[in-house]
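The values are calculated or read from the model by the stated rules, or taken from the named source; none is laboratory data. Please read these numbers as outputs of a predicted model, since none were measured by experiment. Note that each Cβ is placed from the backbone with ideal geometry, even for glycine, and that neighbours are counted across all protein chains shown. Surface areas here come from the heavy atoms of the whole protein model, side chains and all, with no ligands, DNA or RNA. Shrake-Rupley method; radii C 1.70, N 1.55, O 1.52, S 1.80 Å.
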Amino acid sequence: MRLRHILLPLLVLVLTASTAGTEGQPRLKLATTTSTYDSGLLDILLPPFEQKRDGGIRVDVIAVGTGKALKLAENGDVDAVLVHAPELEEDFVAAGFGVDRRGVMYNDFVVVGPSADQAGIGGTDRVADAFATIARKKALFFSRGDLSGTHLKERAIWDLSGIDPSGNWYVEVGQGMAATLRMADEKRGYVLIDRGTYLALRETVNLRVLVEYDPPLHNPYSIIAVNPTRWPHVKYGHARALIDYVTSPEAQAIIGGYRKHGQQLFTPSAAD
C-alpha cells in the first residue's frame, strides 16, 4: 500500500490534476506527519475507508512535517491534514484555513539514546532536566529541525530547560523522523521521537528509551478539513467523510488495536 502513497510535496501539482482514482474512484489529498506514515498505522487505517462498498474514497497521502503539512493546507494544495502540533492547529483554524478540527488519537514522545548513555540521563524524571544534562555535557543531540510537530515539541522542552541549544553537539538534520533516528544511531547520539515511530523502527537501530512518561511528552493528533470557503476547489465532502471515518468506532478500534512488539502505538481519543 505504501507504494500508492505520496511522500514528496513536489508531487502535489500532479495530484491536483487528478480528480479520480482507478475506474473513477473519487480521491482526496491528505497531508500528514511522517510519524503517522513511518509507524505503519495508515497502512491498516485507510484501506477500510478506501474500499467501502457504498463508495470508497482513495486517499493520496503526503507525508511531511506538521509545519509543511499545514502550509500545504493554507495554500489549498490538500483537502485535509492529520497533524500533531496543537498550538499551530489552533492558529490554523483561527486564521480561517481549517474547519471541523477533531481529536483522533494520542501517544507520547520519548528520548532515546545509546545503551552507553554517555550523558547519564537514563531514568531522569523530568525531560527538561535530561535536556539540560545533554547540553551541559555537550553530548550529541539530533534535532529534526524541520518545523514538524516533533521539532516544535523539542523546542518547547528546550524552553522548559532554559537552554537555547547551539554548538557542534546540537545537530539540526532538516529531515523526517526516520532519517533523523538513523543519523542519531550512526553517531551514537540522543533524539526526541514519538513512541509509535520508535517502536516501528526499533529493530533497525541500536538506541533505547532513556526518558519517558513526563507530562510535557504528551503527543495528541488531530484531523482538520481545509476550509472550502477560502478554497472552493477543495473536496470538502470527501474530507468530511474521512474525518467521520477516523473518528468512528470502527476506525478508533483499529487505532487502539495497532501494536508493534506487543505495545500499543496510539490511544484513540475521538470520544474524549
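Numbers for the structure displayed
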| item | result |
| --- | --- |
| Selected residue [modelled with pLDDT under 95 and touching a helix residue (DSSP H, G or I) at 6+ places or on another chain (Cβ under 7 Å)] from Leu147, Leu192 | Leu147 |
| In segment 193-233, residue farthest from the chain's Cα centre (by Cα) [restricted to those that are basic (Lys, Arg) and within 20 Å of Asn107 (Cα to Cα)] | Arg208 |
| Residue pairs meeting the criteria (Cβ under 6 Å; at least 6 apart or on separate chains; first part of a helix (DSSP H, G or I), in segment 84-105; second of a type in the set (S, T, N, Q) and open to solvent by less than 50 Å² (accessible area, probe 1.4 Å)) | Glu89/Ser222 |
| In segment 106-118, the residues that are hydroxyl-bearing (Ser, Thr, Tyr) and not in a loop (DSSP other than H, G, I, E, B) | Tyr106 |
| Count of segment 251-263 residues which are in contact (Cβ under 8 Å) with a residue 12 or more places away in the chain and either surrounded by 11 or more Cβ atoms within 10 Å (Cβ to Cβ) or within 19 Å of the chain's Cα centre (by Cα) (or both) | 9 |
| Selection within segment 134-172 - β-branched (Val, Ile, Thr) and in a helix (DSSP H, G or I) | Ile134, Thr150, Ile157 |
| Residues being β-branched (Val, Ile, Thr) and over 16 Å from the mean Cα position of the chain (by Cα) - total across segment 47-97 | 4 |
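Rundown of residues vs (1) open to solvent by 50 Å² or more (accessible area, probe 1.4 Å); (2) at pLDDT below 70; (3) closer than 25 Å to Ala179 by Cβ; (4) of a type in the set (Val, Ile, Thr), yes/no style:
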site: Leu11; (1), (2), (3), (4): yes, yes, yes, no
site: Thr33; (1), (2), (3), (4): no, no, yes, yes
site: Tyr37; (1), (2), (3), (4): no, no, yes, no
site: Leu42; (1), (2), (3), (4): no, no, yes, no
site: Leu46; (1), (2), (3), (4): no, no, yes, no
site: Leu70; (1), (2), (3), (4): no, no, yes, no
site: Asp77; (1), (2), (3), (4): no, no, yes, no
